[in-house]
Amino acid sequence: MMVAESVASLVSRARAACAAVGSYTQEQANDLVAAVAWAGYKREHAERLARVAMEETRLGRYEDKIEKIRRKTFGTLRDLLDPGAVSVGVISEQHGTGLTLIAKPVGVVAALCPSTNPADTLVNKAMMIVKGRNAAVFAPSPKGAKTCALAVELIHAEMDKLGAPRDLVQILPQPVTREQTAELMRESDLVAATGSQSNVRAAYRSGTPAIGVGAGNVPVIVDATADLADAAGKIKRSKVFDYATSCSSENALLIDAAVYNEALEALRREGGYLLSAEQKLRLQEVMFAGDRLSPSIVAQSPASVAAAAGLSDPRAFSAEFFMVEEEGVGPDFPFSGEKLSVVLTVYRYRSFGEALRTMRAILDYSGAGHSCGIHTKDERRVEELARAMNVVRVIVNQAHCFANGGSFDNGLGFTLSMGCGSWAKNSISENLSYRHFLNTTHVVRPIPPREPSEDDLFGAYWARYGG
């Protein structure tokens with residue numbers, strides 16, 4: 001079957017599934033969400049998905065993958081089953097303005113998934129998509145296609161329990177090709193792209209409305225007021241989780257010179273290994289061979305990174321993560337960019353203004369709009385940082401990779417897809433949620449006129465500048 005015919009068949013079946021659930025109540029829609037969630041959250045399922053992901057992608061750490069899919073699924077389910085998360089029927093009645101808002105499905109969603117987090121991204125997106133009585137057709141990275149196919153298989157088994165159509169959640173047949181993915185994006189009603197920036201750009205060029213997310217390269221400030229032991233523990237926990245497959249893990253630390261040595265010592269106590277200038281050069285040659293990040297380093301264990309870099313110090317092989325000192329930013333300083341590995345770049349700053357300038361340069365080079373963080377006890381520094389950085393999320397005194405995509409101890413919604421605003425040429429500047437998969441009908445009723453006088457609107461301007 002030709003690519004166009006194959007994709008058209010999938011989309012046609014997805015549209016039929018949408019029609020079949022078009023009259024579902026909110027309770028029934030929530031049951032769809034719970035079914036998808038259980039397919040990923042059930043421990044034996046999570047273990048199976050993690051095992052297949054490890055075998056297929058060779059990225060990350062098995063135990064962490066189990067925790068990630070269960071935690072993200074559980075947190076997202078909490079968000080989606082909240083009584084205020086209405087996706088069916090009237091979602092808002094504004095008596096003062098005479099407006100009634102009614103939620104409608106967007107239709108068939110082409111959902112792209114990365115190889116770094118294949119199963120958890122698929123389950124997470126599917127939950128949000130079916131919440132609005134939509135259908136999803138997934139286009140996985142070829143490197144994670146088997147894992148995604150297994151996730152869809154597990155979801156279908158749960159759909160069967162409800163008597164819901166399996167075609168609400170489908171996947172492109174293997175082997176997945178760019179031609180298939182491009183055709184799917186053209187034929188769908190909405191594209192939700194998570195993964196490489198080339199895929200995100202392709203989604204925006206598809207001619208179909210698209211939601212894309214930006215690349216991470218998280219810089220985090222550690223100022224002189226920070227609890228250094230607490231900060232080091234959180235940074236380590238975030239950096240080593242699933243060997244940094246998350247684009248939200250810390251990539252650079254900017255440390256106040258007044259506490260620089262103490263901060264490095266705190267990080268050493270957490271298992272950090274500071275590379276010498278010679279060791280740094282060896283790692284750089286391997287890690288950025290051909291002027292691009294090498295897959296041989298991405299999401300690999302510290303021992304594997306040490307071996308690849310030819311490090312001879314036995315302590316390097318027992319390290320939890322590596323630190324490299326840096327001063328510059330940009331193409332001539334590759335450690336200033338995204339690393340997706342257990343390698344952390346460390347900068348020393350002598351004034352907070354210098355820290356902000358360096359952070360801005362890092363984000364301009366890589367990671368625009370995504371996020372940054374700070375460990376501090378000074379709320380003024382938090383506000384100054386937030387005002388200065390063009391990012392969607394500023395994470396304060398938290399382990400970044402756990403906090404950035406939603407956490408039980410902060411107010412962000414759980415997700416694996418984080419919009420980065422116009423700074424990263426994204427269409428959203430918030431965490432992806434079910435609301436992005438809803439159309440809204442506005443019922444408009446007459447109200448008493450609210451027409452102001454000219455003086456009401458122009459009076460202040462006339463007073464300042466004349467009429």
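Please go through the stretch 297-404 and write out the trypsin sites (Lys or Arg not before Pro) that DSSP classes as loop and that have at most 12 other C-beta atoms within 10 Å.
R350, K377
As a proxy for reagent exposure, C148, C18 were ordered by neighbouring Cβ count within 10 angstrom, fewest first; the result is C18, C148. In a fully extended conformation the segment linking H95 and S351 would gain 87.0 nm over its present Cα-Cα distance, using 0.36 nm per residue.
Here the Karplus relation 6.51 cos²θ - 1.76 cosθ + 1.60, evaluated at θ = phi - 60°, turns the backbone of the stretch 329-340 into coupling constants of 9, x, x, 7, 10, x, 5, 7, x, 5, 10, 6 Hz, with x for every Gly and Pro. With each label modelled as a point 7 angstrom along the Cα→C-beta vector, the A4-S312 pair spans 6.3 nm.
The length gained by stretching the chain between D160 and E320 to full extension, at 0.36 nm per residue less their Cα-Cα distance, is 53.2 nm. Candidates T177, V222, V130 compared by Cα position along the dipole of the chain: farthest toward the positive end lies T177, with charges placed on Cβ.
Secondary-structure-derived ellipticity at 222 nm for the chain, considering helices only, amounts to -13500 deg cm²/dmol, per-run term -39500 (n - 2.57) for DSSP H runs with n ≥ 4.
Determine the percent antiparallel among the DSSP beta bridges restricted to the chain, to the nearest 5.
Working: 14 of 55 bridges.
Bridges in the chain are about 25 percent antiparallel.
Please get the size of the charge dipole for the stretch 239-343, origin at its Cα centre, with Cβ charges of +1 on Lys and Arg and -1 on Asp and Glu, quoted in debye to the nearest 20.
Values: 8 positive and 16 negative charges, 71 e Å.
Magnitude of the dipole: close to 340 debye.
Quick check: residue separation of A20 and S301 times 0.36 nm, minus the Cα distance between them. What number comes out in nm? List each step's numbers first, then the result.
Working: separation 281, 0.36 × 281 = 101.16 nm, distance 4.66 nm.
In short, 96.5 nm is gained.
Specify which residue in the list L385, V88, G163 is farthest towards the positive end of the charge dipole of the chain, using unit charges on the beta carbon of Lys, Arg (+1) and Asp, Glu (-1), about the Cα centre. Going by the Cα projections, it comes out as G163. For the stretch 289-304, the Karplus equation 6.51 cos²θ - 1.76 cosθ + 1.60, evaluated at θ = phi - 60°, returns couplings of 4, x, 6, 8, 5, 7, x, 5, 9, 4, 6, 9, 5, x, 4, 5 Hz by residue, with Gly and Pro reported as x. Sparsely packed loop sites in the stretch 259-295 (the trypsin sites (Lys or Arg not before Pro) outside DSSP H, G, I, E and B with at most 13 other Cβ atoms within 10 Å) comprise R292.
Taking 20 Å as the limit for the C-alpha separation, the pairs K239/K377; K42/K236; K143/K280; K68/K234; K68/K425 exceed it in the case of K239/K377; K42/K236; K143/K280; K68/K425.
Over the chain, what is the relative contact order in whole percent, taking alpha-carbon pairs under 8 Å and six or more residues apart?
Working: 956 pairs, mean separation 83.6, N = 467.
Value for the chain: 18 percent.
Note on the stretch 218-409: antiparallel DSSP beta bridges, both residues inside, total approximately 5 percent of the bridges counted.
Select from L77, Y349, G405 the residue farthest towards the positive end of the dipole of the chain; place +1 on Cβ of Lys and Arg, -1 on Cβ of Asp and Glu, and compute about the Cα centre. Final value for the positive-end residue is L77.
Under 8 Å for C-alpha pairs, at least 6 residues apart: give me the relative contact order for the stretch 146-259, rounded to a whole percent. Can you show the working numbers first?
On the way: 109 pairs, mean separation 21.1, N = 114.
Rounded, it is 19 percent for the stretch 146-259.
The three principal axes of the Cα atoms in the stretch 268-323 give end-to-end lengths of 34, 23, 16 Å, sorted in falling order.
The simple spin-label model puts a point 7 Å past each Cα toward its Cβ; for R380 and R445 those points are separated by 5.2 nm.
Which order results if M323, M418 are arranged by neighbouring Cβ count within 10 Å, fewest first? Could you put the intermediate results ahead of the total?
Details: M323 20, M418 27.
So the residues, fewest neighbours to most, are M323, M418.
Whole-Hz Karplus values for the stretch 134-148 come out as 9, 10, 10, 10, 8, 10, x, 4, x, 6, x, 5, 5, 5, 5 Hz, taken residue by residue from phi with 6.51 cos²θ - 1.76 cosθ + 1.60 and θ = phi - 60°; glycine and proline positions read x.
For the chain, a simple Cβ point-charge model (Lys and Arg +1, Asp and Glu -1, everything else neutral) yields a dipole of about 780 debye relative to the Cα centre.
All of the numbers you see were taken from the coordinates with simple rules; none came from a lab. None of these values were measured; they are calculated from a predicted model. Reconstructed Cβ throughout: ideal geometry from the backbone, glycine too, with neighbour counts over all protein chains shown.
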